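Derivation of every value follows stated rules applied to the coordinates shown; laboratory data play no part. Because the structure is a prediction, the values reported are computed rather than measured. Virtual Cβ from ideal backbone geometry, glycine too; neighbours counted across all protein chains shown.
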Amino acid sequence: MTEDRLRIAQIVPATEAEGPGRRFALWFQGCPLRCPGCCNPEFLTFNGGELVEVSAVIEQILRAKREENIEGISLLGGEPLAHAAGAAILAKTAWEHGLSVMVYSGYVLEAARELPDPAVAELLAHTDILVDGPYVREQPDTTRRWIGSTNQRVHLFTERYRADDPCWRSPNTLEIRVRKGEISVNGFPAPQAVGLWKKPRRVEG
Ligand code: SF4
């Protein structure tokens, strides 16, 4: 793999709102899909975000493991499969360090397997949990935690997680952070709070 920089929209070093346990969450910048009602419209363009060295992101993941006791990483978007080469490096590294890997993709698994980029297979081969399919605004999921709409499927590719774990049925959470004068929000907001789920913004005063 030759990918040495990742186009990143946002990183949260430790969150409990993006998958089981405490996780390092990374949102890629850029998605070729256009789901109506997408919660992250500012993450769709491939021109925004920040280009970050893969080695620097790996350093952040390992620091989160040491200091935040994360159990895994979650890759979100944007569309992780549109950044598969870099995402695969992160996933492989996470596994090498005993961390689990969860990927959210707007592609259904069958379509993902047809994508021409060979790095997609490499990423899926180092994924524990794949949440697949586009977000469908008209079908909000009110029973499964961490899942946006009822059409989306949870694929457990390894034995690390179980479908009958009660963690999947707990209420969703929204996390709001204020750090160095900026607010960032992640997790699953109530419908009336969707507009809050945006990139960090300055706090006056
Ligand atoms: S796949 Fe995700 S990021 Fe892309 S448009 Fe759909 S909801 Fe938005």
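Remarks
- Taking GluC sites (Glu not before Pro) in DSSP loop states with no more than 11 other Cβ atoms inside 10 Å as exposed sites, the chain has its longest site-free stretch at 1-137.
- J(HN,Hα) series, region 159-169, from Karplus relation 6.51 cos²θ - 1.76 cosθ + 1.60, nearest Hz, glycine and proline x: 8, 5, 10, 10, 5, 8, 5, x, 4, 6, 10
- A convex hull fitted around the alpha carbon atoms of the chain yields 123 Å³ per residue.
- Separation of region 141-182 and region 59-81, taken as the distance between their Cα centroids, equals 15 angstrom.
- Computed over the chain with a Gaussian network model linking Cα atoms closer than 10 Å, the most mobile of ILE70, ILE11, ILE176 is ILE176.
- For THR173, THR158, THR93, THR15, order by how many other beta-carbon atoms lie within 10 Å, fewest first: THR158, THR173, THR93, THR15
- Within region 1-94, trypsin sites (Lys or Arg not before Pro) in DSSP loop having at most 13 other beta-carbon neighbours inside 10 Å: ARG34
- Net lengthening on full extension, LEU174/GLU42 (0.36 nm per residue, minus Cα-Cα): 45.7 nm
- The dipole here belongs to the chain: it is taken about the Cα centre, uses +1 on the Cβ of Lys and Arg and -1 on the Cβ of Asp and Glu, and is about 580 debye.
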